[in-house]
1. Top mean-square fluctuation among B:MET352, B:MET312, B:MET160, Gaussian network model of chain B, C-alpha springs under 10 Å?
2. Could you let me know the centre-to-centre spacing of segment A:292-309 and segment A:1-38, using Cα atoms, in angstrom?
3. Quick query: amide H of B:THR45 versus all other amide H atoms, modeled in the peptide plane; which residues come in under 5 Å with a sequence gap of 5 or more or a different chain?
4. Which value in Å is the Kirkwood Rh of chain A over different Cα pairs?
5. What residue among A:LYS416, A:LYS309, A:LYS79 has the largest mean-square fluctuation in a Gaussian network model of chain A, using Cα springs under 10 Å?
6. Quick query: amide H of B:ASN137 versus all other amide H atoms, modeled in the peptide plane; which residues come in under 5 Å with a sequence gap of 5 or more or a different chain?
7. Within 10 Å, count the other beta carbons around each residue, average over each peptide in B:35-48, A:327-340, and list them highest first.
8. Using the crude model of +1 on Lys and Arg Cβ and -1 on Asp and Glu Cβ, and no other charge, please compute the dipole size for chain B relative to its Cα centre, in debye to 20.
There are 2 protein chains.
Amino acid sequence: MAAYKLTIGDASRLIASGELTPSELLKSLLDRIERLEPSLEAWVTLDIEGARATAEDLTSEIEKGVSRGPLHGIPVGVKDIFYTAGLKTTMGSPIYRDFIPSRDAVSVARFRDAGAVIIGKTETTEFALADPAPTRNPWNLEHTPGGSSSGSAAAVSSGMCPTALGTQTGGSVIRPASFCGIVGMKPTRDLIRRGGVYPLSWSLDHVGFFTRCVDDAAMVLGALTDGDHLDYHPIDRLEPPRLGMLRGYFQENADENVWDGFEAATMSLRDAGARVEEVSLPSTFKLIHAAHRVILASEAASVHEENFKERMTDYRVNLRGLVASGLLVPASEYLRARRLGGRFVEELEAVMRDVDCLIVPSAPTPALRGLESTGDPAFNAPWSLSGYPVMTVPSGITEDELPLGFQIIGKLHGEKHLFGVAKWCEGVFSFENAPREPSEMA
Amino acid sequence: MAAYKLTIGDASRLIASGELTPSELLKSLLDRIERLEPSLEAWVTLDIEGARATAEDLTSEIEKGVSRGPLHGIPVGVKDIFYTAGLKTTMGSPIYRDFIPSRDAVSVARFRDAGAVIIGKTETTEFALADPAPTRNPWNLEHTPGGSSSGSAAAVSSGMCPTALGTQTGGSVIRPASFCGIVGMKPTRDLIRRGGVYPLSWSLDHVGFFTRCVDDAAMVLGALTDGDHLDYHPIDRLEPPRLGMLRGYFQENADENVWDGFEAATMSLRDAGARVEEVSLPSTFKLIHAAHRVILASEAASVHEENFKERMTDYRVNLRGLVASGLLVPASEYLRARRLGGRFVEELEAVMRDVDCLIVPSAPTPALRGLESTGDPAFNAPWSLSGYPVMTVPSGITEDELPLGFQIIGKLHGEKHLFGVAKWCEGVFSFENAPREPSEMA
């Protein structure tokens, strides 16, 4: 198998045993990038020389018998709103076109300490809102990869790197992961520290990441958190889980492809022994999207207020509208939204008391045609507001050969258990599809 | 010595050894209350029957050899914004005149579990803002005891109970403690959980308490927190501390009595071996009172918005003005204030790097004459915004025989160390004064 196709787990074993060096793995990925990047546009900045030098150092370490753990020598992508010391960080905005941070974001520093090789910075929508990046979906170049972590999702999906950092404020990890047929994770809010990540809305922002399987996600989370007290990998074997299925709002707002695929996936879990029961959402849910919007607009306005006054024309239409509307929100409205979020969390705890996880589709549609919209975060925003950990696992493809994602919501700080459930579901779905090779594409 | 004069530490030892029963201690305090309450008006509601029954149960437990720890059989007062199951809780407002909660606040429940005897509910300003309670200062009935925790401070100062719960959003624990010549403490924000306390401004609210010595404070904090990992009592013996003295704003705004007393107290600490160095406040400090006000107004408006629309005339002038102004604050202004608070904390960390604690006077004035104003929280509000733990220790009296408080600011979660510093200072000050007996008063 070509090295670029390896999961982190497999690459890690080969590196540890000396059958593959970090430099060889990097070369395979860089060849892949050279081949695919012109059509996918997943990267803003590549640091090929820096990555090669790091990979050589890590190769020498291994030869001396030193291993930093499962991420030793693993190349990674970093969304372009994470500070990277000495490496341009644009936020997807002309305002930061030439900005070079002097320090690393906390999560980037953790990646480096764990032996990861930073290949470069991946495309993001403008300041991680909704004004699209140029990136295309590896499954079909006419379709969006989703956003805001567009480049990270496309890069992992297409075999340019086995994992990449993203962020989620509405649905910016789970939706692109689902659109690109890979695993996405947004852990409990602040479990991965946000220091050095440009904020969009600090009450809602989460650091998350992409991988191609659940085992890899557990390894990555271990490297990104303090983790003294928790080992996420190997994932505990689990009895068939008890899953709380949500209909109502989700069924009403999902397109036919998505809901049929979700029902089919759920049926396959049932057949494999999972107990799936319908649960009802708390009464606060019907106001949760409005609350999310008010918090997002208010905090984004607070973040951008100064830049906005001086350089309004450097903002694109979505963020410009959000900041302008956010500046008009009264504090009492903002605080009502925050308090509603608190009540939602309390009620959610009660709803989840008798199940392991909640399940809903990862997005209302598969990846949309065209690059004008990165899709709708409505199926993800409630969990960004609640701060609960979420994963998406690919569960099937549509007739048009676009992947579908299965969203699993865990309990606060219940990552260990969420991994168990996600791995169990992944085993049942046995999703083996990958995007077609570019040579096969139209 | 009459039992009502005992510290918690002394009463506790006598109870443990069988020389004093919880019922006897309670009787001494109830006699004291009967004698002083008509002139002090410290209590909204007394639960004499309930307290007697609890004291009897706790007396039986001790006779059977069961002790719940240092608070076993200790009578306490509870500010009337803490929920007390089955006991009226008015918030100092006609809106809640007849409100009887069905559950205890977390801190009240912890007191009960620790064997404390709830005597009753103490007077508070309206909803813990600034519209005064009828309570008078035990040192001089013509003067305010301070607020908002007016009744708790007066009750502990006058020997009606050895400790009482209060809250602080601006300066509502430290200021009345200082005005009444006792020890007051506001630990790190949320170290004592706020569940069941009526909010004034949830980003600023702290649960705190009053005692007559630092040792007692350490015992009380132990009972009110989870404390599995921390034992506050006995307090660690300390080398002479390094203290960071703040001038500037504080010297400019302190009246002559206060600043002279503070300089004298500081000099006595120096003479005893403390290293006192002047430190400068961070640049954000000059905006900190404005930020505090914006947060307080916005959040109070959010808390009271609904009641306010229906019952505006049931609000007194201070809170009415605060809510009305808070409803006009834009979210961007509120969020700017919150973010300023964050920067202040970061800068404060740097300022405190080379000292154990900061020191400033506990209030700009001694207890003011008249009951119209409870005094100015300006010397306390910055630490309520920062969430840092603070104690006040009485350090002297003015020519008019009004006590002066010495405010000590510790580091976040540095309570153990703060107790050490406060006890060291208390030892140097040797403040032995107590309010004159009512018979001696004019």
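1. For chain B, modelled as a Gaussian network with Cα springs under 10 Å, the answer is B:MET312.
2. Cα centroid to Cα centroid, the span is 41 Å.
3. Residues meeting the criterion, in which the H sits 1.01 Å from N, are B:LYS121.
4. Working: mean 1/r = 0.0464 Å⁻¹.
For chain A, the Kirkwood estimate is 21.6 Å.
5. A:LYS309
6. Result for B:ASN137 returns B:HIS143.
7. Values: B:35-48: 18.9, A:327-340: 20.5.
Ranked by mean Cβ neighbours within 10 Å, highest first: A:327-340, B:35-48.
8. Working: 43 positive and 59 negative charges, 197 e Å.
Computed charge dipole of chain B: roughly 940 debye.
None of the figures in this text is laboratory data; all of them are computed from the coordinates on show. Remember, predicted model here, so these are calculated numbers, not experimental data. Cβ coordinates were reconstructed from backbone atoms using ideal geometry, including for glycine residues, and neighbour counts include every protein chain displayed.
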